[in-house]
Amino acid sequence: MPLLTTSGNEKPDWAIVIHGGAGSDPQNWTEDKTRIREAGLKRALEAGSKALADGRSALDTVELVIRILEDDAAFNAGKGAVLTKEGKAELDASIMDGKTRACGAVAGLTATKNPIHLARRVMTETRHVLLAGQGADEFAQQQKVPLVPPDYFLSKARFDEDKPHFGTVGCAVLDAEGNLAAGTSTGGTSRKLPGRVGDSPIVGAGTYAANDTCAVSGTGVGEEYIRNSVAYDVAARMRYANQSLQEAVTTIMQQTLQAGVGGIIALSKDGNIVMQHNTPGMSCGAADSSGRFETHLVLENGGSPAKGKEPDSSSTAEQEISQLLSQQVKDWNQGDIDAFMKPYWNSEDLTFSSGGKVTRGYASTLAGYKARYPDAKTMGKLDFEQLEFQTLGTDAMQVLGIWKLARDDQPLQGRFTLVLRRYPEGWKIIHDHTSKTPDAPEQP
Ligand code: ASP
């Protein structure tokens, strides 16, 4: 039986993951290209982390980070966009707000400096989701966003145009308010037919965000991402099949998409980050409020869990429940009984049994807590220790543990047994049996 304490596994206050395109093996790159790419990723990730630490929203941060990458000629977006067969830039981008599921996208832009900015304007200033071609260019003029002459985009002429060039950029963010957002921006695939539109501006294919599950950005052969609704499929697997973020991305990368097609970055509502590619390389990076900060040009094993190490669903459940209980401890220690009660089943059938006295129903349990713990001083400092998990079928779990309550006058401790059931919105405590050691009718 695994023994876990509630430390570790905590939801970060904010988290961010970025990509700068999947594709060729960085071992074959020049030193210059490697250095420039790495520096570009770091710059963007630093700016995003700072914005989030300063309390900026997920949506603002996605736009800010993607604008930085669009202005960096090392990436295939904005300034560094690859060109069509006819030698012109046609840019695509999309952005999505996980809180409201509002989204905006542009395709085939020829003169907008920052397509992600215009995508956001489509979201906020029109009743549409996607503007393409001439109409999108006209909307850019109306919106007075910065426009540039065609030769602004010709920087990629320096690179060997015959080889497919990757370097699309994307970003997924969880902000301190718990909101998710994602965005993607690209010049598309090099030497594409004029008018070709890839997955990056297609919400559900190249970009998706919904607060109940995750935020996703893809990179690779756009046609495949469209055919398989890749970004939405990550969220759908979590929502309908109860897969973890990692299980969802791994399944898509290994079973849905053929090898060599591309990569995915994704971020769950709990702040878990997954970066995977089935191409030789993917420029990417991740950071969060716990101090994590890393960039890569290639991930070991494409970022997927080593064979035999995929998290099975019971260890995923243990992680999710540990995280829930950690949050409860935090909420208790901040004197917030309402937040502490959130993981309890909001039903008349909730059973709360303490020292032999049984309380039925959510409202009575909450009222009981509030009566017993009228202020922060009586609440003291709570900790849960020595958690043991016992799987009950596929969607229920029993958790045994020890609670400790440090109070100036009177430290208390005892045992608890929780029964949790998995609902579409997450795990809920449906039964709580608490006792004091030595046995007496008192509990946190
Ligand atoms: N997915 C992009 C597209 O097909 C290209 C890429 O990610 O490199 O337009």
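The table for this structure:
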| quantity | calculated |
| --- | --- |
| Virtual paramagnetic centre 7 Å along Cα→Cβ of residue 417, amide N under 13 Å, in region 333-370 | 353-356 |
| Sites residue 254 and residue 409 - FRET efficiency at Förster radius 56 Å, r taken between beta-carbons, to 0.05 | 0.45 |
| Region 314-436, relative contact order [Cα under 8 Å, separation at least 6], % | 23 percent |
| Ranking of 112, 351 by count of other Cβ atoms within 10 Å, fewest first | 351, 112 |
| Sequence-distant residues sharing a close amide H with residue 83 (under 5 Å, placed H) | 191 |
| Alpha-carbon centroid distance for the pair region 209-284 / region 21-38, whole angstrom | 23 Å |
| Cut-off 13 Å (backbone N to label point 7 Å along Cα→Cβ of residue 60), residues of region 9-45 | none |
| For 214, 171, 103, order by how many other beta-carbon atoms lie within 10 Å, fewest first | 103, 214, 171 |
| Listed residue pairs exceeding 22 Å between alpha carbons, taken from 11/436; 269/330; 42/192; 99/370; 85/144 | 11/436; 42/192; 99/370; 85/144 |
| Inter-site label distance for residue 425 and residue 300 at 7 Å from Cα along Cβ, in nm | 4.0 nm |
| Separation of alpha-carbon centers, region 57-89 and region 350-365, rounded to whole Å | 56 Å |
| Relative contact order (%) - the chain, alpha-carbon pairs under 8 angstrom, separation at least six | 17 percent |
| Mean Cβ neighbour count within 10 Å, used as a protection proxy, ranking 283-292, 398-407, 200-209, 114-123 highest first | 200-209, 114-123, 283-292, 398-407 |
| Vicinal HN-Hα couplings computed from phi for region 266-283 (Karplus, 6.51 cos²θ - 1.76 cosθ + 1.60; Hz; Gly/Pro x) | 8, 9, 8, 5, 8, x, 6, 10, 10, 10, 9, 9, 10, 9, x, x, 8, 6 |
| Whole-Hz couplings from phi, Karplus 6.51/-1.76/1.60, listed for region 64-77; x for Gly and Pro | 4, 5, 5, 4, 4, 6, 5, 7, 9, 5, 6, 10, 8, 6 |
| Sites residue 357 and residue 124 - FRET efficiency at Förster radius 60 Å, r taken between beta-carbons, to 0.05 | 0.65 |
| Förster radius 25 Å - calculated FRET efficiency between residue 400 and residue 242, Cβ distance, rounded to 0.05 | 0.60 |
| The chain - share of DSSP beta bridges that are antiparallel (%, nearest 5) | 90 percent |
| Residue with peak Gaussian network fluctuation, the chain [Cα springs, cutoff 10 Å], from 380, 167, 368 | 368 |
| Separation in nanometres of the label points that stand 7 Å from Cα toward Cβ, at residue 223 and residue 370 | 6.2 nm |
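Read-outs: derived from the displayed coordinates by stated rules, not from any lab. It should be emphasised that the depicted structure is a prediction, and the values quoted were computed from it without experimental measurement. As a convention, Cβ positions derive from the backbone with ideal geometry for all residues, glycine included, and neighbour counts pool all protein chains shown.
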